[in-house]
Amino acid sequence: MSDIHQILKQYWGFNSFRPLQEDIIRSVLEKKDTLALLPTGGGKSVCFQVPALATEGLCLVVSPLIALMRDQVRHLQQKGIKAAAIYTGMPYRQIDALLDNCIYGDYKFLYISPERLNTEDFQVRLEKMKISILAVDEAHCISQWGYDFRPSYQKIASVHEKFRNTPVIALTATATPEVVEDIQEKLKFRAKNVFKQSFVRKNLSYVVRQTPNKNQAMTDILNKVQGSAIVYAHTRKKTKEYSDYLNRNKIKADYYHAGLTSDERSEKQDSWVKNKTRVICCTNAFGMGIDKPDVRTVLHLGLTESVEAYFQEAGRAGRDENKAYAVQLVDNSDIIEVDKKINESFPSLDFIKSVYEALCQHYRIAYNSGANQNFDFDIRTFSDAFKLNPVKVYTALKLLEQQELIYLTESIYGLSQVKAIAGKDVMYKFQSENALYEPLIKFILRTSEGVFEDFVPVEEDAMASRMKISVAETITRLKALHKFGIFNYQPRSEKPKIVFLKDRVKKEGLHLDIEFIKKRKTNFKEKLKAIRYYVTENNVCRTRLLVKYFGENVDEDCGICDVCDANKKASFTGKDFSKIVAELEAELKHQPLAIEQLKEKLHINSPDLNKVLEFLFDSGKIKRTPEATLKWIE
């Protein structure tokens, strides 16, 4: 067994672990089933990657998000660690080769979607694999009380049963006490074992602002708080509207959603990560797996569907531990429309059955057939063809998915592929005469075994990173090599897929679990009620409200949320708060002064002055100089 600190230094470049990481890793190495609750940005992946590298065998990682799987695999490969991912939509031959590599090829990590676990091909290969650790990412998905329940997650227990001496590590950033218990039960933990980091983010100021003009409020906040920012919107259309509005107001912004091409997403994300774009306006398709510690502001324009979703997305601010803001802008219509959301999210049973029937007709699935078939799917085209509301269609599809009748993949589901067309002699001659393409050709030949015999998967972003060029330029060169007859290049598809998990049955024979749907609806109502309470309760510290939802009680108010700031201002007995702020600003902009000097100049009593100074420190308006004086920050 290798030393875990040596592994951390060798592959991650760190000398020490973050809080709780080492305790979690040692628990896994002692072969204990382990549940790790770490906030967004808390370093969850290290908790299973380090012990996997310290032990012999393959770490099997179950993850619900293809984009996240591919991102983690790419990062591991860049460190020289053998890793692979298998998910719905990949060609059979590619899956077959990857499974063989995981049995015979000394691979350390295999990322897999939960839907593949119980397929016959995978089960046969699983018997031959030496599994060292079973890691379950986004573990809250296993609980029907969680905010993102996926029934396929409940199949993970059968894998754990098969490898009873193999530890399972479940990881999540958001879980209520009820979900914590459910995760351990559903994964068949041999003994309860939970490591939970505090949900309190001391550097993050939570703010709720009720305003009839969200655009103006958004602009005001971004002008006041400088630095990188994320603006979350509910629809793709709104992402562009907000982006355009900010650019018109001289704040450099761009928009991002799953409907963009892979090249567009990569380019926009890269520009924002490198701070060429200050603000990214996006749907919740953005943010997972992105390591950007210097985000100063996360804005939500409207209500999220749960406290869990809000907490995870807001937590992308201030990962560098410096002061940051998580702001929710709401108006009266957001509060009123909560009931409408419930009805939209849980259409009638007859509507759900009608959507299923329409799907089968759309793809001409015959009765008693269709199991394991998959088709490209565009929700707008489908909804228009059958004159259905696309929002209700989507919710019906998710309920059909939870009934394990279909599976709707993400749009980013596949890998591009290449196959050598030119012979080795022709290829050698071409690269000797075309220096621009030589590094790319050599990279493909070195990393893509069997490329002369068949198509092999390639990842443009990994190529770009290795050759230090943009993804867009990499794709341009691959297309040129295709045109020159050197490689056959097949870019990945951008469309999501519908996968039929079972044979088609007649509408009257379609049996839905009504009790399950009722429970999900009740659970959904409770979550909306909780987020509505969070944005309308103006007398309790925001941090207290959030962490209490996750079962944590704290002794003190955070002191930096909007409620705490309002309480500071309301508690004055002498001069008016705003007057003191104005006087301090005038003095400290002129020259830095010590606290005693300020008292003498302004004739302010100590309690009032201390409260105002605390507020100004928290909001980043003043700072201490090395000479122990106070300075106003422009």
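What follows draws every value from the coordinates through simple rules; no lab data is involved. Quantities reported herein were computed from a predicted structural model and do not represent experimental measurements. Every residue, glycine as well, gets a Cβ built from its backbone with ideal geometry; the counts of neighbours run over all protein chains shown.
Report, in listed order, any pair from K529/K569; K392/K525; K424/K479 with a Cα-Cα distance greater than 25 Å.
Working: K529/K569 29 Å; K392/K525 17 Å; K424/K479 19 Å.
The answer is K529/K569.
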The farthest towards the positive end of the charge dipole of the chain, of the residues N539, M427, A97, given +1 on Cβ of Lys and Arg and -1 on Cβ of Asp and Glu, is M427
So what is the calculated 222 nm ellipticity per residue for the chain, using -39500 (n - 2.57) for each DSSP H run with n of 4 or more, over all residues, to the nearest 500 deg cm²/dmol?
-13000 deg cm²/dmol
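Order of 620-630, 519-529, 349-359 by packing, highest average Cβ count within 10 Å first?
Details: 620-630: 13.4, 519-529: 15.7, 349-359: 18.2.
Final packing ranking: 349-359, 519-529, 620-630.
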When you have a sec, figure out the Kirkwood radius of region 131-183 from all distinct Cα pair distances and drop it here in Å to one decimal?
11.4 Å
Among P457, L440, V418 the positive-end extreme of the charge dipole of region 416-490 (Cβ point charges):
L440
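Give, in nm to one decimal, the length gained when the segment between A586 and H511 is fully stretched (0.36 nm per residue of separation minus the Cα-Cα distance). Can you show the working numbers first?
Working: separation 75, 0.36 × 75 = 27.00 nm, distance 7.20 nm.
Stretched fully, the A586-H511 segment lengthens by 19.8 nm.
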Total charge dipole magnitude, region 416-490, about the Cα centre, Cβ charges on Lys, Arg, Asp, Glu only, Debye to nearest 20
180 debye
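For Y549, Y437, which order do you get if you count the other beta carbons within 10 Å of each Cβ and list the fewest first?
Values: Y549 22, Y437 18.
With the fewest neighbours first, Y549, Y437 line up as Y437, Y549.
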Give, rounded to the nearest 20 debye, the magnitude of the charge dipole that region 204-336 has about its Cα centre when Lys and Arg contribute +1 at Cβ and Asp and Glu contribute -1 at Cβ.
460 debye
In terms of modelled amide H atoms, which long-range or inter-chain residues lie less than 5 Å from the amide H of I86?
Y111, I112, S113
Three principal axis extents, largest first, for the C-alpha atoms of the chain, in Å?
85, 66, 54
May I ask you to list the aspartates and glutamates whose Cα is less than 13 Å away from that of K238, ignoring any residue fewer than eight positions away on the same chain?
D254
State, to one decimal in nm, how far the label point of I81 lies from the label point of S271, with both points 7 Å from Cα in the Cβ direction.
3.3 nm
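Order these by the 10 Å Cβ neighbour count, fewest first: E161, E313, E267. Each step should come with its number before you reach the end.
Numbers: E161 9, E313 21, E267 17.
Ascending number of Cβ neighbours within 10 Å: E161, E267, E313.
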State, to one decimal in nm, how far the label point of K128 lies from the label point of V426, with both points 7 Å from Cα in the Cβ direction.
3.5 nm
Can you spot the aspartates and glutamates whose alpha carbon is less than 13 Å from K340's alpha carbon? Ignore those fewer than 8 places along the same chain.
E305
Virtual paramagnetic centre 7 Å along Cα→Cβ of D121, amide N under 18 Å, in region 351-375
370-375
With the crude spin-label approximation of a point 7 Å out along Cα→Cβ, what separation in nm comes out for D291 versus I379?
3.1 nm
Kirkwood hydrodynamic radius for region 4-196: how many Å is it when counted over pairs of different Cα atoms?
16.6 Å
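Quote the FRET efficiency, to the nearest 0.05, computed for E453 versus Y394 with a Förster distance R0 of 45 Å and r equal to the Cβ-Cβ distance. Present the calculation step by step, with values, prior to reporting the outcome.
Numbers: r = 42 Å, r/R0 = 0.92.
According to the calculation, E is roughly 0.60.
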Ratio of Rg to Rh for region 370-451, alpha carbon only, Kirkwood?
1.29
Calculated SAXS-style log₁₀ I(q)/I(0) at q = 0.19 Å⁻¹ - region 416-490, Debye, Cα scatterers
-0.71
Projected onto the charge dipole of the chain (unit charges on the beta-carbon of Lys, Arg, Asp and Glu, signs +1, +1, -1, -1), the Cα from I352, S16, A570 with the largest positive-side position is that of I352
Report the residues of region 573-605 in range of a label on R624: point 7 Å along Cα→C-beta, backbone N strictly under 12 Å from it.
595
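How high is the FRET efficiency between N215 and Q361 when r is their beta carbon distance and R₀ equals 35 Å, given to the nearest 0.05? Kindly include the intermediate steps, with their values, before the conclusion.
Values: r = 43 Å, r/R0 = 1.22.
The pair N215/Q361 has a calculated efficiency of 0.25.
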Report, in debye and to the nearest 20, how large the dipole of the chain comes out about its Cα centre when Lys and Arg carry +1 and Asp and Glu carry -1 on their Cβ.
480 debye
